[in-house]
Amino acid sequence: LVMDFYKGTDPDHPTRVTVSFVAESEGTRVAILHVPTAASLDLWESRAPLYVASWELCFTSLVAVA
């Protein structure tokens, strides 16, 4: 699943999120790749730490209820 992602930017500066689902013996591993697009490259360095913290919070919460 590949999508333009606007959280923390605007419609003119999307980032790109790729979500992969990988079957494993105990269930499914979800992998997220979040990268800048050419339009959001100038914003990426200042915002990437916030994205990392947000993704970690989301997945920590999901693991807690799994």
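Nothing in this text is a laboratory measurement; each read-out follows from the coordinates by a stated rule. Not measured: the values here are computed from a predicted model.
General remarks:
- Axis of helix 41-65 versus longest Cα principal axis of the chain: the two differ by about 20°, to the nearest ten degrees.
- Descending principal axes extents, segment 2-65, alpha-carbon based, whole Å: 40, 20, 17
- Helical runs (DSSP H, four residues minimum) scored at -39500 (n - 2.57) apiece and divided by the length of the chain put the mean residue ellipticity at 222 nm at -13500 deg cm²/dmol.
- Highest GNM mean-square fluctuation among Ala53, Ala23, Ala31, for the chain modelled with Cα contacts below 10 Å: Ala23.
- Relative contact order of the chain, pairs being alpha-carbon contacts under 8 Å that are 6 or more residues apart, as %: 23 percent
- Per-residue extension of 0.36 nm, minus the Cα-Cα distance of Arg47 and Thr28, leaves a gain of 4.0 nm for this segment.
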